[in-house]
1. Collect the residues in the range 18-43 that are surrounded by 14 or more Cβ atoms within 10 Å (Cβ to Cβ) and part of a helix (DSSP H, G or I), keeping them in residue-number order.
2. Pairs under 8 Å by beta carbon, first residue over 14 Å from Leu85 (Cβ atoms) in the range 48-59, partner in a helix (DSSP H, G or I) and of a type outside the set (A, V, I, L, M, F, W, C), six or more apart or different chains?
3. Look at Leu51 and say whether it is crowded, with 16+ Cβ neighbours inside 10 Å and either over 10 Å from the mean Cα position of the chain (by Cα) or part of a helix (DSSP H, G or I) (or both).
4. Of the numbered conditions (1) part of a helix (DSSP H, G or I); (2) surrounded by 13 or more Cβ atoms within 10 Å (Cβ to Cβ); (3) modelled with pLDDT under 95, Leu15 satisfies every one except a single condition; which is it?
5. Just give me the residues in the range 45-98 being basic (Lys, Arg) and either at pLDDT below 95 or more than 26 Å from Lys2 (Cβ to Cβ) (or both), in sequence order.
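The values are calculated or read from the model by the stated rules, or taken from the named source; none is laboratory data. Quantities reported herein were computed from a predicted structural model and do not represent experimental measurements. We place every Cβ from the backbone using ideal geometry, glycine too, and count neighbours over all the protein chains shown.
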Amino acid sequence: MKEKTIGEVQEKYNLELEKVISEIKKTKAKLVLLQFPDGLKVYATAIVDYLRDKTKAEFLIWLGSCYGACDTPVGLEKLNPKIDLTIQFGHNELMPSY
């Protein structure tokens, strides 16, 4: 399977990555957990590469379920090093602009 690129992600979805970058920098997060719905998981490594390049943070990708904001991973407080920030991505495609 061909590896997805950040360009493909940004062409199809508005994930507000600049806001993500800003929040990572503002909170000085060193370890960030990213949670994606199934349809976006194919882009996860491209998104991580992009964010890592822009922030120098390290990232974990949650491969479990993600059915909305109420579906937060549990038991992660025991991890060492501690996760500084969790970001959940949505799944709506961009509406066409005319």
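1. Within the range 18-43, the subset surrounded by 14 or more Cβ atoms within 10 Å (Cβ to Cβ) is 20-21, 23-24, 29-37, 40-43.
Hits for the range 18-43 are Val20, Ile21, Glu23, Ile24, Leu40, Lys41, Val42, Tyr43.
2. So the pair list comes out empty.
3. Values: crowded, with 16+ Cβ neighbours inside 10 Å: yes; either over 10 Å from the mean Cα position of the chain (by Cα) or part of a helix (DSSP H, G or I) (or both): yes.
Yes: the conditions hold for Leu51.
4. Tallying (1) part of a helix (DSSP H, G or I); (2) surrounded by 13 or more Cβ atoms within 10 Å (Cβ to Cβ); (3) modelled with pLDDT under 95, Leu15 fails exactly one: (1).
5. Let us first name the residues in the range 45-98 that are basic (Lys, Arg), namely 52, 54, 56, 78, 82.
Result: Lys56, Lys78, Lys82.
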